[in-house]
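I have placed the structure first, in the form of structure tokens, so that the comments after it can refer back to it.
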Amino acid sequence: MPHRLEHILSLNDFERAARRHLPRPLFGYVTSVAEDGITSQSSREAFDKYAFLPRALVNVSGVSTETELFGRRYAYPFGIAPMGISALTAYRGDQVLAQAAADSGIPMIVSGTSLIPMEELSGAKGSDWFQAYLPGTPEEIDALLARVEQTGFNNLVVTVDYAVPPNPENHRRAGFSSPLRPSLRLAWGWYGRDGYSGLF
Ligand SMILES: Cc1cc2nc3c(=O)[nH]c(=O)nc-3n(C[C@H](O)[C@H](O)[C@H](O)COP(=O)(O)O)c2cc1C
């Protein structure tokens, strides 16, 4: 395990580390939720209703976390959801996620707004899932789907809740915009953190 991950003991620890590591606008982008956070909160509460039911004195010598999805076996029953512009928060971030998922045997869905061309993210050391925001005309949709298929993706995820751009009020509060515009606030967020002096 890399030394810098030794203090990461749970998924929540990543969030605390990311808050210290990333410039504020970028942490704001990754962590932000819609508007007042009502949907985020009720999703959290819905997931919290699930619980493991421990069963003692059961033979666990042959248990497995593996699961099958669309004809392929995965090591664990979860994967990485599509996240746009991940290369802003780590060097070639989309590729880091695709490769880590391939190494771990879990699915990773390449975002339609990845900053890295889809051709560099597919294949044995990458992902075979692609997420598309469908363009406005049948011709553009056909061209996109042809490229996705030709690249070798086997699974297509279509995001349908983006018919109009959302109200990015929390992005604005954090000083984030896409494309990222240079500003004093961004530079301050960049250099002011934990001895961290820039992404590039
Ligand atoms: C920083 C960030 C970027 C995202 N980018 C995309 C995207 O490019 N395409 C997409 O379909 N969903 C995107 N999503 C939505 C996630 O894939 C996911 O559906 C959503 O966050 C709900 O899952 P969660 O409750 O586990 O966060 C993004 C979410 C976050 C937090």
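The values are calculated or read from the model by the stated rules, or taken from the named source; none is laboratory data. Keep in mind that what you see is a predicted model, and the values were worked out from it rather than measured. Cβ placement follows ideal geometry from the backbone for every residue including glycine, while neighbour counts extend to all protein chains displayed. To get the accessible areas, we keep the full protein, side chains included, count just its heavy atoms, and leave off ligands, DNA and RNA. Shrake-Rupley method; radii C 1.70, N 1.55, O 1.52, S 1.80 Å.
Numbers for the structure displayed
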{"read-out": "Verdict on Thr65 being away from the ligand (no atom under 15 Å from the Cβ), assigned to a loop (DSSP other than H, G, I, E, B) and either open to solvent by less than 90 Å² (accessible area, probe 1.4 Å) or of a type in the set (Gly, Ala, Ser) (or both)", "value": "yes"}
{"read-out": "Residue tally, condition in a loop (DSSP other than H, G, I, E, B), of a type in the set (A, V, I, L, M, F, W, C) and either open to solvent by 70 Å² or more (accessible area, probe 1.4 Å) or away from the ligand (no atom under 16 Å from the Cβ) (or both), over region 68-86", "value": "4"}
{"read-out": "Residues of region 17-38 that turn out to be open to solvent by 100 Å² or more (accessible area, probe 1.4 Å) and within 15 Å of the ligand (Cβ to nearest atom), as a count", "value": "3"}
{"read-out": "Qualifying residues in region 144-190 (those that are of a type in the set (Ser, Thr, Tyr) and under 22 Å from Ala81 (Cα atoms)) - the one farthest from the chain's Cα centre (by Cα)", "value": "Thr151"}
{"read-out": "Pairs where the first residue, in region 27-41, is outside any loop (DSSP other than H, G, I, E, B) and the second is within 7 Å of the ligand (Cβ to nearest atom), C-beta under 9 Å, 6+ apart", "value": "Val30/Met83"}
{"read-out": "Region 12-24 residues that are part of a helix (DSSP H, G or I), paired with ones that are open to solvent by less than 30 Å² (accessible area, probe 1.4 Å) (beta carbon under 7 Å, 6 or more apart)", "value": "Phe14/Ile8; Ala17/Ile8; Ala18/Phe27; Arg19/Phe27; Arg24/Ala174; Arg24/Gly175; Arg24/Gly189"}
{"read-out": "Among the residues listed as Ala98, Ala163, the single one being within 30 Å of Gly28 (Cα to Cα) and surrounded by 12 or more Cβ atoms within 10 Å (Cβ to Cβ)", "value": "Ala98"}
{"read-out": "Qualifying positions in region 112-143 - open to solvent by less than 40 Å² (accessible area, probe 1.4 Å), within 14 Å of the ligand (Cβ to nearest atom) and either in contact with an Asp or Glu (Cβ under 7 Å, 6 or more places away or on another chain) or among the aliphatic types (A, V, I, L, M) (or both)", "value": "Ser114, Ile116, Met118, Leu121, Ala132"}
{"read-out": "Hits in region 169-178 (condition: at pLDDT 85 or above and either open to solvent by 60 Å² or more (accessible area, probe 1.4 Å) or of a type in the set (D, E, K, R) (or both))", "value": "Glu169, Arg172, Arg173"}
